[in-house]
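The next block holds one structure in the form of structure tokens; read it before the comments.
The values are calculated or read from the model by the stated rules, or taken from the named source; none is laboratory data. Only a predicted model underlies this, so the values are computations on that prediction, with no experimental measurement involved. Neighbour counts are summed over all protein chains in view; Cβ atoms, including those assigned to glycine, are modelled from backbone coordinates with ideal geometry. Only protein heavy atoms, including side chains, enter the accessible area calculation; ligands, DNA and RNA are left aside. Shrake-Rupley method; radii C 1.70, N 1.55, O 1.52, S 1.80 Å.
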Amino acid sequence: MNHSVRLALTGFMGVGKSSIARHLEHMTGCPRIDLDSLVEERAGKSIAEIIDSDGVTRFREIEAECLSKVIEADHGCILSLGGGTWTIAANRDLIKHSGFTSIWLESSFEHCWYNIKFSRKERPLARDKDAARKLFDERQKVYCLADWHFLIKPGSTSYDVAIEIAEQVL
Ligand code: S3P
């Protein structure tokens, strides 16, 4: 198993972080960690339940705690962040100062929205298209602070993007 790679994938909801992380896991032999899943395990409920019953602030606290645990663990991983994790300055600092290479996966809003709409994963911060578009527009300026930027072209698959990342970043 490869323990030397530390990659953090960021980008808007529906861009394909989890599937790209899955391909990178197979390509590198480095374990994939899905931050949203850690948050759900830690809270014992779904993200939608956390946000709806405890609020976004509480969700961000649990997310930050889970991120710290992953970062402290002394091993490599392909870390798939939640779409909002990177928008918090303290999370970005933690990621940047712990040997992770951050990667912004970008695609058009319409592509993300299509995936959000037809996914089984519930996204409480993107229940309506206008709210999702507003977040999308606001976040571009922070996503671009990542070390690398991959623009997902129409028609390219998550496998194609993972290959590109492996060739250029690893
Ligand atoms: C969020 C993105 C979600 C999840 C939560 C909040 C966001 O993850 O963390 O619903 O603020 O963009 P995905 O990007 O994996 O959908």
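Some notes on this structure:
- For the condition of a type in the set (A, V, I, L, M) and more than 18 Å from the chain's Cα centre (by Cα), ALA90 does not qualify.
- Unmet criterion (only one of (1) touching a Lys or Arg at 6+ places or on another chain (Cβ under 9 Å); (2) more than 11 Å from the ligand (Cβ to nearest atom)) for ASP93: (1)
- Among residues of segment 138-152 that are more than 25 Å from ILE163 (Cβ to Cβ) and at pLDDT 95 or above, those with a Cβ under 6 angstrom from a residue that is part of a helix (DSSP H, G or I) and within 15 Å of the ligand (Cβ to nearest atom), sequence gap 6+ or separate chain, pair up as ARG139/THR87; VAL142/THR87.
- Within segment 39-82, restricting attention to residues that are within 30 Å of LEU170 (Cβ to Cβ) and acidic (Asp, Glu), the residue that is surrounded by the most Cβ atoms within 10 Å (Cβ to Cβ) is GLU63.
- Unmet criterion (only one of (1) open to solvent by less than 60 Å² (accessible area, probe 1.4 Å); (2) over 22 Å from ILE20 (Cβ atoms)) for TRP86: (2)
- The set of residues from segment 89-128 being closer than 20 Å to ARG6 by Cβ, outside any loop (DSSP other than H, G, I, E, B), touching a residue at least 60 places away in the same chain (Cβ under 8 Å) and open to solvent by 30 Å² or more (accessible area, probe 1.4 Å) comprises just one member, THR101.
- Selection status of ALA73, modelled with pLDDT under 95 and farther than 18 Å from TRP104 by Cβ: yes
- Residue count, segment 56-87 (criterion: within 10 Å of the ligand (Cβ to nearest atom) and part of a helix (DSSP H, G or I)): 7
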